[in-house]
Structure formats: structure tokens, C-alpha cells
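The next block holds one structure in the form of C-alpha cells; read it before the comments.
No lab work stands behind these numbers, since they all come straight from the coordinates. The model shown is predicted, which means the values in this text are computed figures rather than measured ones. Positions of Cβ are backbone-derived with ideal geometry, glycine not excepted, and every protein chain shown enters the neighbour counts.
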Amino acid sequence: MDTLIERAVSSVDPFSHAFLENPYPHHEAMREAGPVVRLERYGIWAMARHQEVRDALTDWQTYCSGAGVGLSDFRKEPPWRPPSIILEADPPLHTRTRAVLTRILSPAAINVLRERLVQEAEVLIGRLLEKREFDGIAELAEAYPLKVFPDSVGIAEEGRENLLRYGSMVFNGFGPRNDLFDKAMANAGPVRDWIMSKCSRAALAPDGLGMQIFRATDSGELSEAEAGMLVRSFLSAGVDTTVYGIGNALYCFANHPEQWTTLRENPSLMRLAFEEVLRFEAPVQTFFRTTTKAVDVGGVQIGEGEKVLLFLAAANRDPRRWERPDQFDVRRRATGHMTFGTGIHGCVGQAVARLEAEAVFGALAKRVAAFELTAEPTRRLNNTLRGLDSLPLRLVPA
Ligand code: 4MI
């Protein structure tokens, strides 16, 4: 006899303001409801346990990306922009584009940027120490990536404010057409035009990461148009993710001063500490996949062509996987978190993200004893990202 498993159903809206303000109780409810939960409101499935999220991410043949990694199914409605040829692609296209970026963004290739990124962090932290009080989001979490990332890609200075506007479009664009989506898309035309104008060979510095993509056209590995599309991927993925990651790290250390002290006393914990930030306050909270065939998940049948919402941030606090999951602890082995994803689509830029964090928090660790909140931080709600709009800080010099 077959075992009958009751299918868990939830009426929660994971893109509502209430959910996004504090997702953690909802994550727990979804994890405990079952290995996969039907979200009635959108007619989709959700996974919130570490094992199931991981299994879905490592099975691209069943859980594809080519129908989009947001709520919208590209096979049923036109995407708001031409699909990414790496994020929103499956093998064999993905295999070819991914190989180019894997090479350009390898840890060894990215180490070449280290000296400049450390230098920029030290200059910025020196200025902020003189100021003493500032907004940790605008003046640090945004200011740093907005300087070093476009410099590294090889983009001109003018108009860089469009990068954050475009990031908001990209990450809110993975959600439903709600108020956050509409607000992000309000000025889409000029922002998209600016971004696309920076994706051509002529707009890129000769020694940057962007031009390295165009060099892959020499061997016939990519077409000229594909190279431009991969520069667009850099500009889509490389700014907001690190802005929210650095902002969330500042927020964690301001709220857990003893963890900052532990880190300062043990500088070798730096890399692990940033992984713990990514586990505990994941800048990227969710991604979707689409099933290519019917699949059984823990006794529940999911049909073909169904959207599945993967709660990376809920997997990161699954008590089946982590001890004391709701405790921020820089000493724990936080690797294995799902914030960078895993499998063939696992974050290709993670060496850059880690380098930026190491540069910023390494500079802070040398000179800052503590972060004091001078007012309540405010949240910036986003359909995909979790982070702050403002983080009023006072630095206590070491
Ligand atoms: C995971 S964040 C992200 C990655 C890739 C792209 C956008 C966002 C893209 O456009 O390729």
C-alpha cells in the first residue's frame, strides 16, 4: 500500500510587507509544515528545509532556471527584460557562458584586485572614523561597492547611481507584480538604457573584468552580443548583493558587540564570520526554479511546469542542519549556508563578495572597537533581498 502524505498548504504571502519585515517566524512555520508547502495565494510550491533546498539546487535537470528564477514563468508571460544568459539559462547554453565567468572570477584571478580593494577600504574607513557618526548604509555599505565594483568592471564614473536603481529592478523583478515591483520599475526606461549603454565593448576600460568577457569572443567562445549580455549580468548581480551583504554584516556587529570583540581578538575568524553573516541575515533570501517533470518530494507529488520557491534564508536556520540556528556566532562553521546557492548556478562572483567583505571588515577591525546605533535602523523592503535603508552608526575608535 502507498503511504498517503497530507499535502501542507499555506495562505501566507512571502512578498507582503509583513512577511518581508520579519520573515523568520514564517520560515519556521513553512519548515515545520512539511518538506514542500503549497502556497495557495500564488499557486506555487515552497521549500524551506536545508535538505530539500539543497537537493533542488543540485538537480537542475528537474528544477530548471530557463523558465526564470522569479515568480513569472517565461514560458507563459514575456519577461520584463531579455533573460540573463547565465542566471536564467540551462545547459548547454549555461555551461558555455558559465565557463567564461568561472575563469574571469576565479579566486586566483580575483586576488589580483586585493591590493586595490584593501586600499580603497582603508581610505573610506579613515574618512568615516573622522566623521565618527554616519549612515552605515549610504556612506559605507553602498559607497564601497559602488566605488570598487564598477572600477573593477571598467565602467566610467558618470551615472553610477543607476546601478542601485537597476539592482532594485532586477531583485524586485523576481517577485510578483506588487507595490515593490511597480515602484522599482517606475523609471525603468532610462535606467535600462544607461545600463545597456555600459555593456558594449566601446564603453569598457581595456584592463577591467568587463573587457575580459569581450576577449572570450576572440576564440569564438561567445558572440559579441553574448559578451554584452554577460556584462549586464555583472552589473545586475554585482552591486546590490554586496551592498546588502556589507549592510547586514554591519547590522549584525552593531547588534552583537561581543561577536565583534571576538572577531577583533581572533582576526583569523574573519572569513568564517562573514559566512555567518550570510547564513544569519542572508542578503539574497529566495530564488525560484521551475519543474521540468513531475517529481516526488517527501511523498508529495509536484507536477511538471510548476514554480518552486526556494527559501535560502530558511534553509540557513533549519534546526535539522544547524545547532542554535537563531544565534549569531562568528565561531561556528557556517559554510554550507545556501545564500550563494549551490550546484551549477552557485554564485560565480562569491570570491569578489568575500574579498570586498574582507577588505571592509579587515579595515574596520584594525581601527574600530565597537559600533553604536544612534537611532533605530530602518528596513528597505525588496521582493528578493533582505537589508536596510538606513543604519545610523557611531564608531568607537580602538
Ligand atoms: C544571484 S544574483 C544575480 C545573478 C545573475 C544575474 C542577476 C542577479 C544576471 O542578470 O545574470
The relative contact order of segment 30-73, taking Cα pairs under 8 Å that sit 6 or more residues apart, comes to a percentage of 24
Sequence of Trp194, Trp45 once ranked by neighbouring C-beta atoms within 10 Å, starting from the fewest:
Trp194, Trp45
Taking the Cα centroid of segment 272-294 and of segment 70-122, what is the distance between the two, rounded to the nearest whole Å?
16
Computed over segment 226-302: relative contact order in percent, which uses C-alpha pairs under 8 Å that are six or more apart
29
In segment 59-123, what GluC sites (Glu not before Pro) fall in a loop by DSSP, with at most 12 other Cβ atoms inside 10 Å?
none
If you only keep lysine pairs separated by 8 or more in sequence, or across chains, how many in the chain come under 24 Å at the Cα atoms?
9
Going highest first, how would you order 252-264, 140-152 by mean Cβ packing within 10 Å?
140-152, 252-264
Filtering trypsin sites (Lys or Arg not before Pro) in segment 9-47 by DSSP loop and by at most 15 other Cβ atoms within 10 Å leaves Arg41
Descending packing, highest mean Cβ count within 10 Å first, for 166-173, 364-371, 337-344 is 166-173, 337-344, 364-371
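Find how much the distance from Thr95 to Glu157 grows on full extension, using 0.36 nm per residue of separation minus their present alpha carbon separation; answer in nm with one decimal.
Here the segment from Thr95 to Glu157 would lengthen by 19.1 nm.
Convex hull over the Cα atoms of segment 86-203, averaged projected area in nm²? Please report the intermediate quantities before stating the final value.
Values: hull surface 39.3 nm².
Average of the hull's projected areas for segment 86-203 equals 9.8 nm².
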Could you list log10 I(q)/I(0) for the chain at q = 0.07, 0.08 Å⁻¹, which the Debye formula gives when each Cα is one point scatterer?
-0.31, -0.41
Near the amide H of Gly68, under 5 Å away, which other amide H atoms are found, from residues 5 or more places off or on another chain, if H is placed in the peptide plane?
Phe74
In the chain, what % of DSSP beta bridges are antiparallel (nearest 5)?
80
Taking the simple approach of a point 7 Å from Cα along Cα-to-Cβ for both Lys131 and Ala294, what is their distance in nm?
5.9
Got the relative contact order for the chain handy, in percent, Cα pairs under 8 Å and 6 or more residues apart?
26
Ranked packing of 180-189, 66-75, most packed first, by mean Cβ within 10 Å
66-75, 180-189
